[in-house]
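Notes follow once the structure below has been shown.
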Amino acid sequence: MNARVFRFAPSPNGPLHLGHALSALLNAERARQAGGRLLLRIEDIDTIRCRPEYEAAIRDDLAWLGIAHETPPRRQSEHFDDYRAALDRLTAMGLVYPAFLSRAQTKAHAADPAFPRDPDGAPLYPGTDRDLDAADAADRIAAGRPYALRLKMAEAVRRAGPLDWSEREEGRVPADPARWGDVVLARKETPTSYHLSVVVDDALQGVTDIVRGRDLYHATSVHRLLQTLLGLPQPAYEHHRLILGADGRKLSKSEGARALGALRAEGATPEDIRRLVGL
Ligand code: GLU
């Protein structure tokens, strides 16, 4: 049997915190138990917020924690052509359209508590431009208007048929991608999106097992849909508990969660980190 392949896939847009440590340590543990491989993937499609020094810090932190991964890592910013090829296939299937919602409209939707939302709490795109005339859309793009390329969700779901995924502690879980509405696959200034690049890379890297935080549980529905439309294999999933801050909320870089590097500078050992994340 081929070795199972795991990956830790951080975004280098800030220092790693305890939530990342749990993810990385669990991936290493599962790979070890399975006699499998562990890859590192640098998810840096947001070339404005991601920085090389954060990537260097990620590698230092992993080495310090004693996590051995294969090198070199795959850096998403070096593979935009792969994502564009996948996007072209979905476009050729008639499943993609440009949407030109202005920031003001998006803000108004976000401010309206009654507006329908996706599983992450973001306002659902109302489908305004789904049936826009192709010539009209081309004119707006030529005029330099910002746009997002969106998936025609209802049609995509119809073509893919019923979907589910394998979740470590739960067995088969029914996927419900429609809850996300017409998800963004790419933007004018970024030729891909998290959802698109993650499914393309997991397939290209032969990833068989995805171990990541519970915050991405519902995103798996979109990933299974894209995998099915693109004819990609389906990995097995494990969404682990999140490490919560003192306020009971998920740790996040933006809220200044304690960085592993800072804990280390204060004298914490890798053993302390394992204890802090409950391993
Ligand atoms: N890059 C994502 C993050 O840092 C993780 C992606 C994934 O594991 O699918 O949250």
Quickly run through segment 200-217 and pick out the residues that are in contact (Cβ under 8 Å) with a residue 60 or more places away in the chain and either under 18 Å from Asp82 (Cα atoms) or within 12 Å of the ligand (Cβ to nearest atom) (or both). Val200, Asp201, Asp202, Leu204, Gln205, Gly206, Val207, Asp209, Ile210, Val211, Arg212, Gly213
Which of the numbered conditions does Leu132 fail, given that it passes all the others? Conditions: (1) within 26 Å of Glu78 (Cβ to Cβ); (2) among the aliphatic types (A, V, I, L, M); (3) in a loop (DSSP other than H, G, I, E, B). (1)
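Listed here are the residues, each with its yes/no results for (1) open to solvent by 20 Å² or more (accessible area, probe 1.4 Å); (2) of a type in the set (Gly, Ala, Ser).
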| site | (1), (2) |
| --- | --- |
| Val198 | no, no |
| Asp201 | no, no |
| His223 | no, no |
| Gln227 | no, no |
| Leu230 | no, no |
| Ala236 | yes, yes |
| Ile243 | yes, no |
Can you tell me which residue among Ala246, Ala186, Ala236 is in contact with a helix residue (DSSP H, G or I) (Cβ under 9 Å, 6 or more places away or on another chain), away from the ligand (no atom under 13 Å from the Cβ) and small (Gly, Ala, Ser)? Ala186
Output the qualifying pairs, or none if there are none: Cβ atoms under 7 angstrom, residues six or more apart or on different chains, first residue in segment 257-279 and touching a residue at least 40 places away in the same chain (Cβ under 8 Å) and more than 13 Å from Asp60 (Cβ to Cβ), second residue open to solvent by less than 50 Å² (accessible area, probe 1.4 Å) and in a loop (DSSP other than H, G, I, E, B). Ala257/Gly245; Ala257/Leu251; Val277/Ile243
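The values are calculated or read from the model by the stated rules, or taken from the named source; none is laboratory data. Since the model is a prediction, treat every value here as computed from it, not as a measurement. FYI the Cβ positions are ideal-geometry reconstructions off the backbone, even for glycines, and counts take in every protein chain you see. The accessibility values were calculated without ligands, DNA or RNA, using every heavy atom of the protein model including side chains. Shrake-Rupley method; radii C 1.70, N 1.55, O 1.52, S 1.80 Å.
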